[in-house]
Amino acid sequence: MAYKIVASQCTGCSACEAECPNAAIREKGGTFIIDPKKCTECIGYFETAQCVAVCPVDDTCVIDNSYPRYQPKA
Amino acid sequence: MVEMIAQTSSPNIDAVIQQVAGHKGCGTTANSGKASCGSAAGQGDLPAAIWEKVKNHPCYSEEAHHHFARMHVAVAPACNIQCNYCNRKYDCANESRPGVVSEKLTPAQAAKKVVAVASVIPQMTVLGIAGPGDPLANPAKTFETFGLVAQGAPDIKLCLSTNGLMLPEYVDRIAQYNIGHVTITINMVDPEIGARIYPWIFYNHKRYTGVEAARILTDHQLRGLEMLTARGILCKVNSVMIPGINDKHLIEVNKAVKSRGAFLHNIMPLISAPEHGTVFGLNGQRGPSAQELKALQDDCQGEMNMMRHCRQCRADAVGLLGEDRSAEFTTDKIMAMDVTYDLDARRVYQEAVEEERQAKSAAKHEELSKLAGEESDISLLVAVATKGSGLINEHFGHAKEFQIYELSTSGAKFAGHRRVDMYCQGGYGEEDTLDTVIHAINDCHAVFVAKIGGCPKADLTAAGIEAVDGYAHEFIEKSALVWFKKYLAKVASGGIKHVNRGDAQIRQGALISAA
């Protein structure tokens, strides 16, 4: 249902925060976290997840497998 | 504010571009024989409006950088492009010093910092926002900071440094906020070359890669430059010299930016130490040697004015170029400071600094006129230990960098600087650090210092570099020319034989603040 940010890789640059269409990203202790309740994987907004596309470190914004994939409302 | 913009802009874009591109800027005396903006008269051949903009801006005027200071505030952490010479795990390796973590500031903290620094360092005349990401990828924080600084410290010049991707969209806002100087980092005008420097850009909610990404980037950079020129905003172009990738191509870049009205071109050496973890650092891409860098700068000099005094400073640097006082102004210290901003005191102090600058300039011209009539093909480099003010006023062992001057019968021309970090700690030098210094200034015939110990002096002599301590606390250019005249006389009389020197190393790695 959501992306998550691998904290050990996050540079804290804040680029994802401004791009998130759901305002699901915020700073916590110098790095950034995604609120899984708000994240829609950008489905319905953009072709690709914005946090993934703008993040300067590869494999830092990744699908959180502990949640089921997001299902857009019909 | 709006009125000032109207005065400096012109309805005719071509006329403005020609006006800005046609002149030669500061410090070009040696090659062109023309008066530079450091001439005794002051502005030389610069139009008055442009002279006003550069005379106390350390990054836009080689002369000013000896006397006036700048600061950066790190309010813009996000970036919208990826560069192979940058690793965001640290700071941007070229545009800000690697390995030094910038303290991120909010706009309100940044504005307070500017007022505090300006009160402690009255010759601080310029505030720049240069990252550590891209200011225009953080537009809200960037413009809020500029707005607050304009209120709190109205005499400070505002500056921004960008990769140019978002420039066309923000040019009007830049003009509206009275930002007089913009630096764009342009490493290529050929997308094929760009694809080897930029793995991707993020634009319009999409990540673009390869040649397509570089094409969008170069298009926006050049269009942004034209739009800024049309609005009378002075533009400097920074280029990172990457041997084998864009070194020869930068001559084309130079022509492209000159024709679009760039005021100054700053070609910087690639910093690519493996420990910075950048793509170039890890794949073994080397940076240029001192000779390679200078040769490229010289090749471009005929086209337009080149900046050679850039220190590739970090996004939170404070002080004169080449010194870093950021440790004196951490957020904790600033928030505890009680500051009153004294505009009059700053003006008086700056007038005194301006007098000092003119005195130095006059001394140089006086000595230059004495050289008239001398004829020699000899041109050589000398290194100078200085703490600023245009004086030979630093002890050899305390110098963190040496300034390099090229001497010929047409004068003393600033040719760059070499970082050596601290060679002397607590009164005694160390063998290997002296070697570092010798490698860094190996292409020089002499080194001018305020003072030097017997041992290093002997070692320098053995390496073929004369240590000159007879001009302590005198003006740099004047002293160098007096020494050069004597040198030529000794060569002419057969007392010494002139031999060319070898290449020198550009030192990689971070300059750690000594404060």
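Throughout, read-outs are computed from the coordinates displayed, never taken from laboratory work. Not measured: the values here are computed from a predicted model. Note that we place each Cβ from the backbone using ideal geometry, even for glycine, and neighbour counts take in every protein chain shown.
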query: How far apart, in nm, are the 7 Å Cα→Cβ label points at B:D172 and B:E328?
result: 4.2 nm
task: Quick one: what are the phi-derived ³J(HN,Hα) couplings along segment B:211-225, Karplus 6.51/-1.76/1.60 with θ = phi - 60°, whole Hz, x for glycine and proline?
output: 4, 4, 4, 5, 5, 4, 4, 5, 4, 5, 4, 6, 5, x, 4
query: Separation between the B:V279 and B:D298 pseudo-spin-labels, each 7 Å from Cα along Cα→Cβ, expressed in nm?
result: 3.3 nm
message: Just to confirm a number: summing +1 for Lys and Arg and -1 for Asp and Glu over residues other than B:A467 whose beta-carbon lies under 12 angstrom from that of B:A467, what do you get?
response: -1
task: Calculate the spin-label point distance for B:H205 paired with B:A362, positioning each point 7 Å from the Cα along the beta-carbon direction, and give it in nanometres.
output: 6.4 nm
Label-reachable residues, segment B:190-229, where backbone N falls under 20 Å from a point 7 Å from A:D58's Cα toward its Cβ: B:194-203, B:206-214
task: In debye, nearest 20, what is the charge dipole magnitude of segment B:370-492 about its Cα centre with +1 on Lys and Arg Cβ and -1 on Asp and Glu Cβ, if you could check?
output: 440 debye
field: Sorted by Cβ neighbour density within 10 Å, fewest at the top, the residues A:Y70, A:Y3
entry: A:Y70, A:Y3
query: Which ³J(HN,Hα) values in Hz, rounded to whole numbers, follow from the phi angles of segment B:60-67 under the Karplus curve 6.51 cos²θ - 1.76 cosθ + 1.60, where θ = phi - 60° and Gly and Pro get x?
result: 9, 9, 4, 5, 4, 6, 6, 10
message: If R₀ is 51 angstrom, what is the calculated FRET efficiency for the pair B:S369 and B:T106, using the beta carbon separation as r and rounding to 0.05?
response: 0.45
task: Counting other beta carbons within 10 Å of each Cβ, put B:D134, B:D432 in order, fewest first.
output: B:D432, B:D134
- request: Anything over 30 Å Cα to Cα? Flag those among B:K206/B:K294; B:K55/B:K400; B:K360/B:K490; B:K360/B:K400, in the order listed.
  value: B:K206/B:K294
task: Show that you can apply the helix-only estimate: for chain A, add -39,500 (n - 2.57) for every DSSP H stretch of four or more residues, divide by all residues, and state [θ] at 222 nm to the nearest 500.
output: -2500 deg cm²/dmol
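What FRET efficiency comes out for the pair B:R223/A:T48, r = Cβ-Cβ distance, R0 = 22 Å, nearest 0.05? Before the final figure, lay out the partial values.
Numbers: r = 26 Å, r/R0 = 1.18.
Efficiency, from the Cβ-Cβ distance: 0.25.
If R0 is 22 Å, what FRET efficiency do you get for A:K28 and A:Q71 from their C-beta distance, rounded to 0.05? Present the calculation step by step, with values, prior to reporting the outcome.
Details: r = 27 Å, r/R0 = 1.23.
My answer for the efficiency is 0.20.
Going by a ≥ b ≥ c, the root eigenvalues of the Cα gyration tensor, does the protein assembly as shown fall in the rounded group (a/c under 1.5), the prolate group (a/b larger than b/c) or the oblate group? Spell out each step's value before the answer.
Details: a/c = 1.79, a/b = 1.62, b/c = 1.10.
Prolate, since a/c reaches 1.5 and a/b exceeds b/c.
Would segment A:3-63 count as rounded, prolate or oblate if I go by the C-alpha gyration tensor, calling it rounded below 1.5 in a/c and otherwise prolate when a/b exceeds b/c, oblate otherwise?
It comes out prolate by the Cα gyration axes.
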message: Give the residue list of trypsin sites (Lys or Arg not before Pro) in segment A:1-56 that are DSSP loop and have at most 15 other beta-carbon atoms within 10 angstrom.
response: A:K37, A:K38
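For B:E351 and B:E252 in one chain, what is 0.36 nm times their gap in residues minus the Cα-Cα distance, to one decimal in nm?
Details: separation 99, 0.36 × 99 = 35.64 nm, distance 4.02 nm.
Here the answer is 31.6 nm.
Please give the contour-minus-distance gain from A:D35 to A:S8: 0.36 nm per residue of separation, less the Cα-Cα distance, rounded to one decimal in nm. Mind showing how you got there, number by number?
On the way: separation 27, 0.36 × 27 = 9.72 nm, distance 1.75 nm.
Stretched fully, the A:D35-A:S8 segment lengthens by 8.0 nm.
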